[in-house]
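Below: the structure, in structure tokens.
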Amino acid sequence: GAVVSQHPSWVICKSGTSVKIECRSLDFQATTMFWYRQFPKQSLMLMATSNEGSKATYEQGVEKDKFLINHASLTLSTLTVTSAHPEDSSFYICSARGGLKGTEAFFGQGTRLTVV
Amino acid sequence: AQSVTQPDIHITVSEGASLELRCNYSYGATPYLFWYVQSPGQGLQLLLKYFSGDTLVQGIKGFEAEFKRSQSSFNLRKPSVHWSDAAEYFCAVGPLTGGGNKLTFGTGTQLKVEL
């Protein structure tokens, strides 16, 4: 299968600071990337969908000014959590699809964010 | 609105025993159905998917799932569980056309394997 890499795998930041999470498709061109959030012992909740070169489409209830998504190239999307607070602590997972990989989405390994 | 229900939050089976994880979905059109597995602190790995054709789908790691339209179910099965199968399993549904892979996930089933 395709490889999608997230970086960092885990990050601890102070309340009020911003954190950037990267999602890269290593062996295909990802025309669409999805960002999910997963709370402990819970399912994945879609936060936003981003198409390369376009503004991200956010799901209802997700603050677009707080969770900034950039998808400037076919291999990289970033999620920036701005002015992070402890309640933003969560597991963030991206998935990517596109190019020769067709409609299947491939998931990154996730990023554990802890805001202290 | 589409939804996925995984009625079992936790399941414990003995190694070598058979396994069935339940998944029921609600969807307005012909669905695209998936099963994913997640190990602790990791992303998701696709086990199998269904969108048309034979309703019994074979996946990786010896897993299979059967699509039953009349029951709106897509249960995951494995004849003989291995200790390494212990993980969280998610069922998901998405549109066949449009919406890309905008998936709706179930709440997951935590599988524990007793040796």
### Query
So which strands (runs of 3 or more DSSP E) are wholly in the stretch B:14-107 and hold at least 2 residues that are crowded, with 19+ Cβ neighbours inside 10 Å and of a type in the set (F, W, Y)?
B:31-38, B:87-95
### Task
Check whether at least one residue in the stretch B:52-65 is within 14 Å of another protein chain (Cβ to nearest Cβ), over 23 Å from A:P40 (Cα atoms) and modelled with pLDDT under 90, and report yes or no.
yes
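Yes/no matrix, rows are residues, columns are (1) among the charged types (D, E, K, R); (2) over 12 Å from B:A92 (Cβ atoms); (3) under 11 Å from the mean Cα position of the chain (by Cα):
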residue: B:A1; (1), (2), (3): no, yes, no
residue: B:D8; (1), (2), (3): yes, yes, no
residue: B:L33; (1), (2), (3): no, no, yes
residue: B:S39; (1), (2), (3): no, yes, no
#### Entry: Failed item, numbered, when A:T82 is tested on (1) modelled with pLDDT under 95; (2) more than 19 Å from B:Q42 (Cβ to Cβ); (3) not aromatic (F, W, Y)
(1)
### Task
Would you mind stating whether A:W10 is within 13 Å of chain B (Cβ to nearest Cβ), surrounded by fewer than 21 Cβ atoms within 10 Å (Cβ to Cβ), closer than 25 Å to B:T107 by Cα and not aliphatic (A, V, I, L, M)?
yes
### Message
closer than 29 Å to A:A48 by Cα, in contact (Cβ under 8 Å) with a residue 12 or more places away in the chain and in contact with a His (Cβ under 7 Å, 6 or more places away or on another chain): which single residue out of B:Q38, B:Q2, B:Q110, B:Q6 fits that description?
### Response
B:Q110
#### Entry: Pick from the stretch A:23-60, criterion in contact with a Ser or Thr (Cβ under 7 Å, 6 or more places away or on another chain) and surrounded by fewer than 17 Cβ atoms within 10 Å (Cβ to Cβ), ranking: nearest to B:E88 (Cα to Cα)
A:Q42
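The values are calculated or read from the model by the stated rules, or taken from the named source; none is laboratory data. Computed from a predicted structure; not experimentally measured. Glycine also receives a Cβ, built like all others from the backbone with ideal geometry; neighbour counts cover every protein chain displayed.
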